[in-house]
1. When DSSP assigns beta bridges and you keep just the ones with both residues in the chain, what percent turn out antiparallel, to the nearest 5?
2. Could you sort the peptides 186-194, 134-142, 228-236 by per-residue average Cβ neighbour count (10 Å cutoff), highest mean leading?
3. Would you compute, for the Cα atoms of the chain, the largest minus smallest coordinate along each principal axis and list the three values in descending order, in whole Å?
4. What net charge is computed for the residues neighbouring E286, neighbours being all others with C-beta under 13 Å from the C-beta of E286, Lys and Arg scored +1, Asp and Glu -1?
5. For region 1-94, what relative contact order do you get, as a whole percent, if you take Cα pairs closer than 8 Å and at least 6 residues apart?
6. What does the charge dipole of the chain about its Cα centre add up to, to the nearest 20 debye, if the Cβ of each Lys and Arg holds +1 and the Cβ of each Asp and Glu holds -1?
7. Quick one: in region 1-83, what % of C-alpha pairs are over 22 Å apart?
8. Among 115-123, 31-39, how do they line up from the highest to the lowest mean number of other beta-carbon atoms within 10 Å?
Amino acid sequence: MEISVVLPVQNCSKYLLPALQSIKYQNYPHFEVLMVNDHSSDGSDQVCAGIAAVDERFKLLQSPHLGIAAALNYGISQASGVYIACMDGSDLCMQNRFARQIGFLKENPDISFLGTFAHHINETGEIGTSIEFPEDDLEIKAHLDRGQISFLHPSMMIRRRALLDLGGYRVIFSICQDYDLWLRAQDRYSFANLPEHLVACRNFPPKDNLTDSFWKYFYATELAEISVQQCRAGKRDPLEQMHDEFDLDAIEDQFVRDRLMPIRQDYYCNKKAFVDRKPLNSMDIEQIKVFLLKHREKFNKKALAHAFGVLFDQAMRIDDTESAATLFELQRDISKSRHLKSLLAKPNRLVQYAVRKGLEDVWDR
């Protein structure tokens, strides 16, 4: 067998059958599909069982442990292919995906990790934005060094020996397990992306939104980067001491703990503000403002303006007029019209703010 498709399955029954069919009808037939059920509760395993009953290339496996990293590792351990093709249960493959990727890998034996371009699709399958990445090894690694995403995991085809040599995915990462793998692989293996849209993707790392998944994603990527930096410096990997991604108390190295503590504080503070919607004090507001300004390139303008608006409301609630003035200016600079419209919808707050700060020119901006 040349290709083993490892597909973790967890509560994706809505899109699962089209995803499996897009694999079934590949024009390169020499593959097996290991559908690893990760404790689904929505009937996804029944969809898998149905296609396995009519096509012997499809095999349903039950993951012995919870989590996507554990499911991926279990699938890899059961694979017989020379190449591991990644895939998600909600995405689609173009009919020539496997043929194009395996052809490239055979022609380029120095490349071990190969991704592709992709299209974003909505719930009905309509094509949206294009997802493109750097193509050659040096550029991909330069992106990784800057903390930028360089691959789309469901588009990847990887030499199985490289995955086994790296120890697979680290189960401590409930998300970003792929980013952690790329970081650990970059010093030992070569990368490439085919400049062809061979995958249609419904999900993408949530870098433009103020959601729980964004903050957790940010924290996990920082954790992976610090781990790799320590290993490169010949020091002990802090993740070897941790039981989960937030267990910083287990780390003995004070330098590493000092680096990770503010990152964890950012995670919890931002989660408090934008996910849990809990009241903030002045210290919370200042910390979140500094975080947003430091990482503003990770947000689109709409999300950033919304964030400063939320903080402005919180500052007004506790009569922190100094913070409110700063946040007013920040949001106004990003989106003048939206900001004034939102404030004019709350005239009492605008008047209260203007009177306290003596900003007679607020009405003229």
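1. 30
2. Descending packing order for the listed peptides: 186-194, 134-142, 228-236.
3. 75, 49, 40
4. Details: positive: K289, K294; negative: D266, D284, D320, E322.
Combined, the nearby Lys, Arg, Asp and Glu give -2.
5. Computed value for region 1-94: 47 percent relative contact order.
6. 780
7. Tail of the P(r) past 22 Å holds 17 percent of the pairs.
8. The densest-packed peptide leads the list: 31-39, 115-123.
The values are calculated or read from the model by the stated rules, or taken from the named source; none is laboratory data. Worth saying up front: this structure is predicted, and the values here are computed from it rather than measured. Counting neighbours? That spans all protein chains shown, and the Cβs are built from the backbone with ideal geometry, glycine included. Calculation scope for accessible area: heavy atoms of the full protein, side chains included, ligands and nucleic acids excluded. Shrake-Rupley method; radii C 1.70, N 1.55, O 1.52, S 1.80 Å.
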